[in-house]
Amino acid sequence: MLKINEIFLGIQGESTYAGRLCVMVRLTGCNLRCRYCDSQFAFYEGEERGIRDLLKEIGRYRCSLVCITGGEPLLQNDVLGFMNALLEGGYAVLLETSGSISLKEVPGNVIKIVDIKTPDSGFDKVNMYENLRYLSSRDEIKFVLCSREDYLWALQKLKEYDLQSRCTVLFSPAAGLLEPEILAAWIIEDEIDVRLQLQLHKMIWPGRERGA
C-alpha cells in the first residue's frame, strides 16, 4: 500500500522532461522542511491505495510517462514495487527525490531527478553524496538556488564531484527568493554548462498548488 496525496494527468513542469504530457503521482510525507517548499499540503494528507488500483487509474490515460513525486517518495517502502510494476507495464518512470535517502534499491531503469540541497534550503547537511554512484547519464541533478551564496556553493559542488560528467545538471531559482534573470546572468557570465530550469507548471497555472 502507498499513501497517495494526489494523482492526475498534467504537464511535467520540471527537469529535461518539462512540457511533456505526464501522469503525476504525488506521495504523502516528507522528512525535510525546505524553506521554499511548494507542496506542504503533501506532508500529511493522503489516502492508502494499492499498487493494482494505482496501475488501473494510470492505465485510463493515454500517456506513457509517469512521474513519482512528493513529499519524499522513498519514505514509503512499497514505492519500489510500484516503480517495478510501472516499468513492467512499459511506462517511462521519473522519480523526483530530495537526495536525502539512499537510491541503492531504486530500479536502474527509473530516471532519477535528485536534489542537492543548498545551505539556504536549510538542509544541506542531509545530502547523501554516495547516491552519486547510483546515477547514470540518463539521470538528473537539481540545485534549487535561493541566493548568490547558494549559487557559489553549487559551483563548488560541481567541481568537487565532477557533476557535469555524470549527468544533466539543473539550476533552478527558488520562486520568490531568486529572480530567473539574475540566475541566468550568473550562468552566462561564468559560462557554466548547466541547464536553467524554470517551473513551467507555475507559469501555466500561477497560484495553483494541487493538480499542477
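What distance in nm separates the two pseudo spin-label positions at ASP38 and GLU88, each 7 Å out from Cα along the beta-carbon direction?
Each label point is offset 7 Å from its Cα along the Cβ direction, giving 3.5 nm.
If each of ARG62 and LEU21 carries a label point 7 Å out from its Cα toward its Cβ, how far apart are those two points in nm?
According to this spin-label approximation, the distance is 0.6 nm.
Run the numbers for LYS104 and LYS125: contour at 0.36 nm per residue of separation, minus the present Cα-Cα distance, in nm. Write down the numbers at each step before the final one.
Values: separation 21, 0.36 × 21 = 7.56 nm, distance 1.96 nm.
Going from the current span to full extension adds 5.6 nm.
Rank these for me by crowding, PHE82, PHE123, PHE41, going from fewest to most other beta carbons within 10 Å.
On the way: PHE82 22, PHE123 19, PHE41 16.
Ascending number of Cβ neighbours within 10 Å: PHE41, PHE123, PHE82.
Just how large is the dipole of region 1-101 about the Cα centre, in debye to the nearest 20, putting +1 at every Lys and Arg Cβ and -1 at every Asp and Glu Cβ?
Working: 10 positive and 12 negative charges, 37 e Å.
Dipole of region 1-101, to the nearest 20 debye: 180 debye.
With the cut-off at 1.5 for a/c, could you classify region 88-212 from its C-alpha gyration tensor as rounded, prolate or oblate?
oblate
Under a point-charge model restricted to the Cβ atoms of Lys and Arg (+1) and Asp and Glu (-1), what is the dipole moment magnitude of the chain relative to its Cα centre, in debye to the nearest 20? All intermediate terms of the calculation are to be shown ahead of the outcome.
Values: 25 positive and 30 negative charges, 118 e Å.
I would put it at about 560 debye.
Determine the relative contact order of region 29-128: mean sequence separation of Cα pairs under 8 Å and six or more apart, normalised by residue count, in whole percent. Display every interim value, and only then the final one.
On the way: 124 pairs, mean separation 27.9, N = 100.
Relative contact order for region 29-128 comes out at 28 percent.
Please report the relative contact order for region 75-212, taking Cα pairs under 8 Å with a sequence separation of at least 6, and give it as a percent rounded to a whole number. Mind dumping the intermediate values first?
Numbers: 174 pairs, mean separation 23.0, N = 138.
Reported relative contact order: 17 percent.
Quick one: of the DSSP bridges fully inside the chain, what percent are antiparallel, nearest 5? Let's see the in-between values first.
On the way: 10 of 33 bridges.
Taking every DSSP beta bridge within the chain, about 30 percent pair in antiparallel fashion.
Which residues in region 1-44 have a backbone N closer than 11 Å to a point placed 7 Å from the Cα of ASP53 along the Cα-to-Cβ line?
Those under the cut-off are 1-4.
Among [x] 126; [y] 111; [z] 145, only one was calculated for this model; which label is it, if the read-out is volume of the Cα convex hull per residue in Å³?
Among [x] 126; [y] 111; [z] 145, the one derived from this structure is [y].
Describe numerically, in nm with one decimal, the distance between label points set 7 Å from Cα along Cα→Cβ at GLN164 and at GLU149.
Between GLN164 and GLU149, the label points sit 2.6 nm apart.
The numbers here are math on the coordinates, done by the rules we state, and not lab data. Treat the numbers as computed from the prediction; the structure is a model and nothing was measured. Virtual Cβ from ideal backbone geometry, glycine too; neighbours counted across all protein chains shown.
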